[in-house]
1. How much of the accessible area of the chain, in percent, comes from carbon and sulfur atoms when a 1.4 Å probe is used?
2. Accessible area, 1.4 Å probe, largest first: how do Arg42, Arg62, Arg126 sort?
3. Leaving ligands, DNA and RNA out of it, rank Trp135, Trp117 by accessible area with a 1.4 Å probe, largest first.
4. Specify which labelled value, from [x] 12; [y] 19; [z] 49, agrees with percent of Cα pairs over 30 Å apart derived from the coordinates of the model shown.
5. How many Lys pairs in the chain lie less than 30 angstrom apart by Cα atoms, where the lysines are 8 or more positions apart or on different chains?
6. Please give me the summed charge of the neighbours of Gly133: other residues whose Cβ is under 15 Å from its Cβ, Lys and Arg +1, Asp and Glu -1.
7. How much accessible area per residue does the chain have, in Å², with a 1.4 Å probe?
8. Let me cross-check His116: its accessible surface, 1.4 Å probe, with only protein heavy atoms counted, in Å² to the nearest 10?
Amino acid sequence: MTSTAHLSADLLGGLLAFTTPFHITSSGFLTRLSSEESLFPRVCELHNTLELLASSPSPMRRLYELRGVKGDAETNQDAETNQDAEDLLSFMLNAEFLLYALYKEYPILLNPSLAHWVGCCREFERYAKGHVGEWGLRDQVLKMRAAFVKGILSERGADVSFLT
């Protein structure tokens, strides 16, 4: 598996829980991995998938494609629904929490995802400064993701572990 791979549809689907507390979703994700499997490739795939979705002009449609699901976002590319946004937000927040949870016993400055999170916040700030007009579903999801990541960077990750 190369470092440019994305999460498999099966593993990606495990991070779509919207009303399940983050710590339960992350535990379930880790349980799905075989005990002999190295975690490093999955973390790389998680980073790659987050980056692909965050940088896509149509992340909800890309999420459908990665999941291998045929649905409204694929047949009508202009119609993004609240359910599509919920799926995207669920994946992004669960994935970011998983990256936090994997190394939560270490100080935040030692977390291997630190550069990813700083980049996420900087990229969103640049985007927000240049954004004109209304905030669509994609924009709102990215805004919530940035706020969530800022919470992790502020060492508040443990506070959100039981949130639904």
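The values are calculated or read from the model by the stated rules, or taken from the named source; none is laboratory data. Since we're looking at a predicted model, the values are computed, not measured. Every residue, glycine among them, receives a Cβ derived from its backbone with ideal geometry; neighbour counts consider all protein chains shown. Just the protein is used for accessible areas: all its heavy atoms, side chains included, with ligands, DNA and RNA removed. Shrake-Rupley method; radii C 1.70, N 1.55, O 1.52, S 1.80 Å.
1. Ligands and nucleic acids excluded, carbon and sulfur reach 54 percent.
2. Reading off the accessible areas and sorting them downward yields Arg126, Arg62, Arg42.
3. Trp135, Trp117
4. [x]
5. 5
6. +1
7. Here the per-residue accessible area is 54 Å².
8. 40
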